[in-house]
Amino acid sequence: MPTSLLLFPSSALEAPPPRLTLAPVPRVQLEALVARANAYASTETRACATQKAYATDFRSFETWCQVQGLTSMPATPATLSVYLASLAGEGKRPSTIARALAGIADEHRHRGCTWVRGPSVIGDVMGGIRRRHGTAPDQKAPLSDEDMEAMVAVLGEDLAGLRDRAILTMGWMGAFRRSELVALTVEDVGPAGEGLVVQVRRSKGDQEGRGAKKGIPYAGRPSLRAVRALAAWLEAAGITSGPLFRAVGSDGRVRPDALSDRSVARIVQKVAAAAGLDPATVGAHSLRAGFATTAAKKGKSLDAIMRQTLHKSERVARSYVRHAGMFDDNAAVGLI
């Protein structure tokens, strides 16, 4: 996929009407401004994970079209409809198919091709896929505070154990997305009277990079003492700047680069299995979901939960609250 969207060549700039008396911009400077405008429209401004996913989705579509003898650019609504049906036939989830469609659309716009879905045909196909195959998201189970206690208990005091304890407790207490967690640096964390203040520089709901802060309070329960766990990991690893969470090699050395977000998911599943939990039901999102559901069960307000999770949508945040209280005042309780 190209790395930038060419908004226009410099030759496309029109001169102002004669009645306007504006000071002319030197040609060299104008070329520089065009380059800057194109840079702002670059896909680099999009989340890296989204950019890679879109590129992969379009390559898959392009390959499929080559095999079928169809044109991928520009693609007709009929070609797109058949491709979406083929993905559904392969067992792809509706959410995966919708993302593939978004990736194909993005590439069309990127190359200056008009993106026309046609007279609702693609929408009709997607609607049929959702009705036939369901739209329920494949969400991981939340990890409760009791689950966390069991998981932390199986971790050792070696570097990997200290790191994993810090990842689990910080991820849970801070309700971090895994991408937020691995993006944290030492410079993003500072002491406060009641714990730590963490600067989240960019998140899924903040693509413009305005940033937000989260408070990680001191905890009474040993299993959730994130402040202490993070301090122990940083001291043992000798980390004084740069990424908070890094790989530990087989030689016992701490690597300089940050862990990937997938590494966080693998760590959660590995520790869950060691603690006797089903690793297939949990993932990195289980930390964030577990915080929200536990907070809801303990009577924390929706506003307080959203300040920690950084949810922008009340509808999404309320799903955790409803999950937490599904047996509170349940009409079926006590019937038989």
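We did not get these values from a lab; they are worked out from the coordinates using the rules stated. Just so we're clear, the structure is a prediction, and the values are computed from it rather than from any experiment. Note that each Cβ is placed from the backbone with ideal geometry, even for glycine, and that neighbours are counted across all protein chains shown.
Worth a mention:
- Close amide H pairs (under 5 Å, H built 1.01 Å from N) link Thr185 with Leu244, residues at least 5 positions away or on another chain.
- The alpha carbon gyration tensor of region 206-292 gives principal lengths a ≥ b ≥ c with a/c below 1.5, which makes the shape rounded.
- Net length available on complete extension from Asp303 to Ala102 is 69.2 nm, with 0.36 nm assigned per residue and the Cα-Cα distance removed.
- Local net charge near Arg59, Cβ-Cβ under 12 Å (Lys/Arg +1, Asp/Glu -1): -2
- Extended-chain gain in nm, criterion 0.36 nm per residue less alpha-carbon gap, Ala247 and Lys312: 20.2 nm
- Cβ-based net charge around Ile129, under 11 Å, with every Lys or Arg adding one and every Asp or Glu removing one: +4
- Inter-probe distance in nm under a simple model that places probes 7 Å from Cα toward Cβ, at Leu70 and Gln199: 4.9 nm
- Stretch gain in nm, segment Ala231-Asp124, where the contour uses 0.36 nm per residue and the Cα spacing is subtracted: 33.1 nm
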